[in-house]
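**Student:** Mind looking over this structure? Questions follow.
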Amino acid sequence: MEIRISFFKAPVWNKAPLKVVSLFWVWMYVTMKYLQFGHDPDRNFDLVSRTNRLRCITGEEGQRQFKGMNFDYVTPGGTFYYCDDNSLLEVSNMVCIDLDHLDDDSEKMVRKISPKEMKQLLIQDPFFGEKTLLMFTSPRGHGLKWFVEVDLKQYDYKIWFNAIRNYLIQTYGLGDKQVDSSVANLSHACFISYDPDAYLRADQYEFFI
């Protein structure tokens, strides 16, 4: 299954994509393994320090501003010539679920579980484990970006999103704020952050960048 999505350079108010990329390209960026093959000017080789700096900022508003200014992003829903739902070129047949506040001791946390533990549960999930394409720790460090294979010919993006979101809440006891409902639109931005242990499904690996 060949999946292509759009890649955008920071800041987040830049709505013009730089290029189309594969999940393998994103995984190489997230893990920083691409540096083994030489510097790529389209990827931020300073991602490690920027991710660490973000996680040292106190207060959600400060974190939000820093993330929006400094982190590149992708549109998991597909490829776009501009970052909005009306500018779709091709769907990816993939939904991205944003899990947050898993272990940050905030009032939004209902079930406390580390992102690492949650990642393993989702990879082993009887319904969606085999559909998990890519997963990495979110920029703040308290959540996950979970890319799930779906059939958009069967149902549209929002229906799939809400079904999977409800499944997570009911199956794993997560709270309403732990499974972000604000990213249900097809063109939503998914920020790329450093995670050396990011998961990529075996059939998405490539032999080139």
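**Student:** What length, rounded to one decimal in nm, is gained on full extension from ASP197 through to THR171, with 0.36 nm per residue of separation minus their alpha-carbon distance?
**Tutor:** Here the answer is 6.9 nm.
**Student:** Carbon and sulfur atoms: what percent of the 1.4 Å accessible area of region 1-122 do they account for?
**Tutor:** 51
**Student:** Quick one: of LYS131/LYS153; LYS15/LYS116; LYS119/LYS158; LYS15/LYS145, which pairs are farther than 27 Å apart, Cα to Cα?
**Tutor:** LYS15/LYS116
**Student:** Local charge sum around PHE191 (other residues, Cβ-Cβ under 10 Å, Lys/Arg +1, Asp/Glu -1)?
**Tutor:** +1
**Student:** At 0.36 nm per residue, minus the direct Cα-Cα distance, what do VAL20 and LYS33 gain on full extension? Give it in nm, one decimal, please.
**Tutor:** Contour length minus Cα-Cα distance gives 2.8 nm.
**Student:** In nm, what is the difference between 0.36 nm times the number of residues separating PHE45 and ILE159 and their Cα-Cα distance?
**Tutor:** Computed gain between PHE45 and ILE159 is 37.4 nm.
**Student:** Would you tally the net charge around PRO17, using a Cβ to Cβ cut-off of less than 13 Å, leaving PRO17 out, and scoring K and R as +1, D and E as -1?
**Tutor:** 0
**Student:** Pull out a ≥ b ≥ c, the square roots of the eigenvalues of the alpha-carbon gyration tensor of region 53-155, then state rounded if a/c is under 1.5, prolate if not and a/b is larger than b/c, and oblate in the remaining case.
**Tutor:** Cα axes put region 53-155 in the oblate bin.
**Student:** Could you report region 1-60's accessible area per residue, 1.4 Å probe, as an integer in Å²?
**Tutor:** Accessible area per residue, region 1-60: 51 Å².
**Student:** Separate question: Distance in nm between label sites at MET1 and SER114, each 7 Å beyond Cα in the beta-carbon direction?
**Tutor:** 2.9
**Student:** Could you grab the Rg to Rh ratio for the chain? Cα atoms only, Kirkwood for Rh.
**Tutor:** Computed over Cα atoms, the ratio is 0.93.
**Student:** While we're looking at this one, here's another question. How much accessible surface does MET1 have with a 1.4 Å probe, in Å² rounded to 10?
**Tutor:** Its heavy atoms expose roughly 90 Å² to the probe.
**Student:** Through the Karplus equation 6.51 cos²θ - 1.76 cosθ + 1.60, θ set to phi - 60°, convert the phi angles of region 121-131 into ³J(HN,Hα) values in whole Hz; use x for Gly and Pro.
**Tutor:** Once θ is set to phi - 60°, the couplings for region 121-131 become 4, 6, 5, 9, 4, x, 9, 10, x, 6, 8 Hz.
**Student:** Given a 10 angstrom Cα cut-off, can you work out which residue in GLY38, GLY141, GLY173 is the most mobile in a GNM of the chain?
**Tutor:** Comparing GLY38, GLY141, GLY173 in the GNM, the peak value goes to GLY38.
**Student:** Springs between alpha-carbon pairs under 10 angstrom, Gaussian network model over the chain: which of PRO41, PRO126, PRO196 fluctuates most?
**Tutor:** Maximum among the listed residues: PRO41.
**Student:** In whole Hz, with x marking every Gly and Pro, tabulate ³J(HN,Hα) for region 144-160 from phi via Karplus 6.51 cos²θ - 1.76 cosθ + 1.60, θ = phi - 60°.
**Tutor:** The phi angles translate into 9, 9, 10, 9, 10, 6, 9, 10, 6, 7, 7, 9, 7, 4, 5, 5, 4 Hz.
**Student:** Anyone know which of GLN120, GLN36, GLN63 comes out most mobile in the 10 Å Cα GNM of the chain?
**Tutor:** GLN36
**Student:** Can you give the FRET efficiency to the nearest 0.05 for CYS56 and ASP105, using r as the Cβ-Cβ distance and R₀ = 25 Å?
**Tutor:** 0.90
**Student:** For region 137-199, build the convex hull from the C-alpha positions and give me its volume per residue in Å³.
**Tutor:** 107
**Student:** Report, largest value first, the span of the C-alpha coordinates of region 1-63 along each principal axis, in whole Å.
**Tutor:** 40, 29, 23
**Student:** Then there is this: Per residue, how many Å² of accessible area does region 150-197 show with a 1.4 Å probe?
**Tutor:** 48
**Student:** I've got another one for you. Based on C-alpha coordinates, I'd like the Rg and Dmax of region 27-81, in Å.
**Tutor:** 13.2, 37
The values are calculated or read from the model by the stated rules, or taken from the named source; none is laboratory data. This one's a predicted model, so the numbers in the text were calculated from it and none came from an experiment. FYI the Cβ positions are ideal-geometry reconstructions off the backbone, even for glycines, and counts take in every protein chain you see. Surface accessibility is based on the protein's heavy atoms, side chains included, excluding ligands, DNA and RNA. Shrake-Rupley method; radii C 1.70, N 1.55, O 1.52, S 1.80 Å.
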